[in-house]
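Please read the structure below before turning to the comments.
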Amino acid sequence: MSVFDGLAEFGRPLTLGMLLLRIGVAVVIGAAIGIDREIKSRPAGMRTHVLVCVGAALVSLIEHQTVACVLELNQGSMIGVSMGRITAGVVSGVGFLGAGTIFMSERKISGLTTAASLWCTACIGLAVGSGFIAMGVAAGAIVLVVLGLMQRIVHVNTYKRLEVQFVHRTQTLAFLSEYFMNMGIKILDVDFHAENRPEGNLYTNLYMLSMPGHTNYVDIIGTLSEHPNILSVRTRNL
C-alpha cells in the first residue's frame, strides 16, 4: 500500500475487512509502545497506549467514512467537504491526557516522556486510520527505538547529591576519592561538617556528583554503605 492509497480511498467507503485491518494495526503498534512504558512502571502503560491509538484510528476512520458517504450520496455534485477538522481535535485533545501523566516529585518533573509517547501514539493512530499503514508502522518503530535504545546509545551525565557520614577521616576520604575515580564519577562540589564526639569525630560530606549515564546509582549507594567507616549514605535533592 502506497502513501497515497489513503487519499485515493476517501471517495468510497471502506470495507469491513479494511476497517478491521487498520484497527488491528493500531492495536499492535499501541501495545508495542505501551509495553515499553509498562516495563518501566510509567504512569501510562500498555492499555492506555492501546486505547489512545485505537481511539485516534477510530476518529480518523469516522472522518474517512463520513466524507466518503457524503461524496457517494451527492453523486459527484460540486459540494465542498471539509477534511481534517475531527482529526485535528485529537492532536490537541490528547494533550489533556498526557498532562495527567506529568507530575512533580522531589523538585523534579516526571512523566514528560510518557506524555510525549501518548501524543505520538495518537498521531500514529490517525495515520493508520487514514490508510497510511506503512507510515504508521515506521513511526511506531522509530518511537520504540527512541524509548528503548536511545538512552543506551547516547550516555548523558546526570547530577546527583550524595550525603555520606563517616569516621576516620583520612582513611575514608582516600577510599571515597579512589572509588569515585574508578567509577568515572566527577566531584563537582563538596560541603563538609565535623561533629565532635567522645568516641571520635563524626564527619558529614555532601557531594555534588557528575555521574556517567551508564552508572547505577543504587549500586554506588550499596557499595559505599558496606564500608566499615561509613555510617550512612543518602541522597539529597538538587
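Bear in mind that the values in this text are calculations on the coordinates, not laboratory data. Computed from a prediction, not measured in an experiment: that's the story for all the values here. No Cβ is skipped: glycine too gets one built from the backbone with ideal geometry, and neighbour counts run over all protein chains shown.
A compact table of results
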{"read-out": "Per-pair calculated FRET efficiency, R0 = 30 Å: residue 69 and residue 31 via Cβ, rounded to 0.05", "value": "0.45"}
{"read-out": "Estimated distance in nm for a label pair at residue 227 and residue 197, the labels positioned 7 Å out from Cα along Cα-to-Cβ", "value": "1.7"}
{"read-out": "Computed FRET value (nearest 0.05) for residue 235 with residue 141, which takes r as the C-beta separation and R₀ as 35 Å", "value": "0.45"}
{"read-out": "Relative contact order computed over the stretch 111-238 (Cα-Cα under 8 Å; 6+ residues apart), in percent", "value": "29"}
{"read-out": "Additional length obtainable on full extension of the chain from residue 210 to residue 62, 0.36 nm per residue less Cα span", "value": "48.1 nm"}
{"read-out": "In sequence order, calculated HN-Hα J values of the stretch 115-127 (Karplus, 6.51, -1.76, 1.60; Hz; x Gly/Pro)", "value": "4, 5, 5, 5, 5, 5, 4, 5, 5, 5, x, 5, 5"}
